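The values are calculated or read from the model by the stated rules, or taken from the named source; none is laboratory data. Given the structure is predicted, the values throughout are model-derived calculations rather than measurements. Here the Cβ positions follow ideal geometry from the backbone for every residue, glycine too, while neighbour counts run over all protein chains shown. All accessible areas refer to the heavy atoms of the entire protein, side chains included, with ligands and DNA or RNA removed. Shrake-Rupley method; radii C 1.70, N 1.55, O 1.52, S 1.80 Å.
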Amino acid sequence: MIYKSSTTAVPEVARVPRHVAIIMDGNGRWATKRFLPRVAGHVKGVEAVRGCVEACIQRGIEYLTLFAFSSENWRRPEEEVSLLMRLFVTALEREVAKMHANNIRLKVVGDLSRFDAKLQEMIAAAERRTANNTRLTVTICANYGGRWDIMQATGKMVAANPGISTFSEEQLAEHLAMAYAPEPDLFIRTGGEERISNFLLWQLAYSELYFTDTYWPDFSIESLDAAIASYQHRERRFGRTGDQLAEKKS
Ligand code: IPE
Ligand code: IPE
Ligand code: MG
């Protein structure tokens with residue numbers, strides 16, 4: 001069990017973030033600005049994912065988590081939703097072998113029961129195939145919502161502890177969808193909005209937040225480096241004072 005709650009234990013802090021979590025936003029606006037249909041932005045967005053995965057490997061990041069489809073995105077026009085699903089299938093078909101060859105572990109988290117059977121089977125097969133890879137863990141959050149995650153974890157926690165009514169944070173955290181990963185060190189949202197949009201609500205408790213106006217399809221290695229540079233200038237105090245940190249260093 002790798003999960004440690006940042007509110008109950010102070011995490012180790014490394015110069016390069018171990019875990020980067022990204023809300024990939026702005027695909028639609030990227031396309032609209034170019035008088036293209038929104039789908040063109042999503043297609044370009046998949047390319048940006050490829051570049052970002054490579055950059056994370058080069059930078060020594062261990063976990064990359066990408067918000068691809070939220071539990072609220074079903075509210076979009078049916079046509080856009082079905083197109084996003086098709087893109088997801090194509091991306092899996094094209095990328096899984098390459099990821100495996102590059103020692104990347106793929107995880108997909110969210111309420112997958114709402115996806116069609118073929119997609120669910122593809123996801124399970126991709127996860128099985130890459131399960132023992134160690135270089136980078138890429139997590140795709142699909143039909144994911146932070147509140148869904150906390151609720152499903154609560155259900156499992158209660159079922160696992162019959163007759164108990166008081167629980168610790170760790171008891172809940174071990175049932176969260178991403179219990180295999182440390183909490184994100186760095187959260188990035190592209191596309192200019194400054195909100196969490198029901199992403200990893202529990203896990204972002206002490207993450208450093210970084211917002212950029214860059215639309216996701218334009219997010220490059222340089223953009224990632226800018227986010228990492230900003231992260232490296234932060235003082236992560238986890239409730240302590242700056243003086244306490246200075247003492248620890250000297
Ligand atoms: C993010 O881009 C991708 C998904 C939510 C699937 P958007 O599609 O939200 O792009 P904007 O925000 O409309 O520009
Ligand atoms: C958040 O983006 C979800 C994903 C990137 C998958 P949205 O574009 O759906 O977020 P809101 O609705 O603008 O907050
Ligand atoms: Mg958006």
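Details
- Per the listing 114, 105, the residue uniquely under 30 Å from residue 151 (Cβ atoms), in contact with a helix residue (DSSP H, G or I) (Cβ under 9 Å, 6 or more places away or on another chain), loosely packed, with under 15 Cβ neighbours inside 10 Å and charged (D, E, K, R) is 114.
Here's the yes/no breakdown for (1) under 20 Å from residue 201 (Cα atoms); (2) in contact with a helix residue (DSSP H, G or I) (Cβ under 9 Å, 6 or more places away or on another chain); (3) at pLDDT below 95:
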residue: 68; (1), (2), (3): yes, yes, no
residue: 130; (1), (2), (3): no, yes, no
residue: 142; (1), (2), (3): yes, yes, no
residue: 155; (1), (2), (3): yes, no, no
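Yes/no matrix, rows are residues, columns are (1) open to solvent by 60 Å² or more (accessible area, probe 1.4 Å); (2) more than 9 Å from ligand 1 (Cβ to nearest atom); (3) touching a Leu at 6+ places or on another chain (Cβ under 8 Å); (4) within 29 Å of residue 151 (Cβ to Cβ):
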site	(1), (2), (3), (4)
37	yes, yes, no, no
44	yes, yes, no, no
49	no, yes, yes, yes
52	no, yes, yes, no
58	yes, yes, no, no
66	no, yes, no, yes
69	no, no, yes, yes
79	yes, yes, no, no
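Every residue, every condition in (1) touching a residue at least 40 places away in the same chain (Cβ under 8 Å); (2) assigned to a loop (DSSP other than H, G, I, E, B); (3) surrounded by 12 or more Cβ atoms within 10 Å (Cβ to Cβ), yes or no:
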{"residue": "138", "(1), (2), (3)": "yes, no, yes"}
{"residue": "184", "(1), (2), (3)": "yes, yes, yes"}
{"residue": "203", "(1), (2), (3)": "yes, yes, yes"}
{"residue": "217", "(1), (2), (3)": "yes, no, yes"}
{"residue": "228", "(1), (2), (3)": "yes, no, yes"}
{"residue": "231", "(1), (2), (3)": "yes, no, yes"}
{"residue": "235", "(1), (2), (3)": "no, yes, no"}
{"residue": "248", "(1), (2), (3)": "no, no, no"}
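- With respect to the stated conditions, residue 164 is more than 13 Å from the chain's Cα centre (by Cα) and surrounded by fewer than 20 Cβ atoms within 10 Å (Cβ to Cβ).
- Number of the condition not met by residue 17 [criteria: (1) assigned to a loop (DSSP other than H, G, I, E, B); (2) surrounded by fewer than 18 Cβ atoms within 10 Å (Cβ to Cβ)]: (2)
- For region 31-59, the set of residues classified as more than 19 Å from the chain's Cα centre (by Cα), away from ligand 3 (no atom under 16 Å from the Cβ) and among the small types (Gly, Ala, Ser) is empty.
- Checklist (1) open to solvent by 10 Å² or more (accessible area, probe 1.4 Å); (2) more than 24 Å from residue 236 (Cα to Cα) applied to residue 10, failing item: (2)
- Residue that is farthest from the chain's Cα centre (by Cα), among those in region 101-130 that are closer than 14 Å to residue 181 by Cα and among the aliphatic types (A, V, I, L, M): 106
- Just one of the numbered conditions (1) over 21 Å from residue 111 (Cβ atoms); (2) open to solvent by 30 Å² or more (accessible area, probe 1.4 Å); (3) more than 15 Å from the chain's Cα centre (by Cα) is not true of residue 28: (2).
- Selection within region 167-182 - of a type in the set (A, V, I, L, M) and either free of Cβ contacts under 8 Å to residues at least 12 places away in the same chain or crowded, with 18+ Cβ neighbours inside 10 Å (or both): 172, 173, 176, 177, 178, 181
- Looking only at region 237-246, residues that are open to solvent by 100 Å² or more (accessible area, probe 1.4 Å) and not in a helix (DSSP H, G or I) come to 1 in all.
- Candidates are the residues of region 3-27 that are closer than 20 Å to residue 170 by Cα and among the polar types (S, T, N, Q); the one that is farthest from ligand 3 (Cβ to nearest atom) is 8.
- If the condition is being within 16 Å of ligand 3 (Cβ to nearest atom) and over 19 Å from residue 22 (Cβ atoms), then region 68-103 contributes 74, 75, 76, 77, 80, 81, 83.
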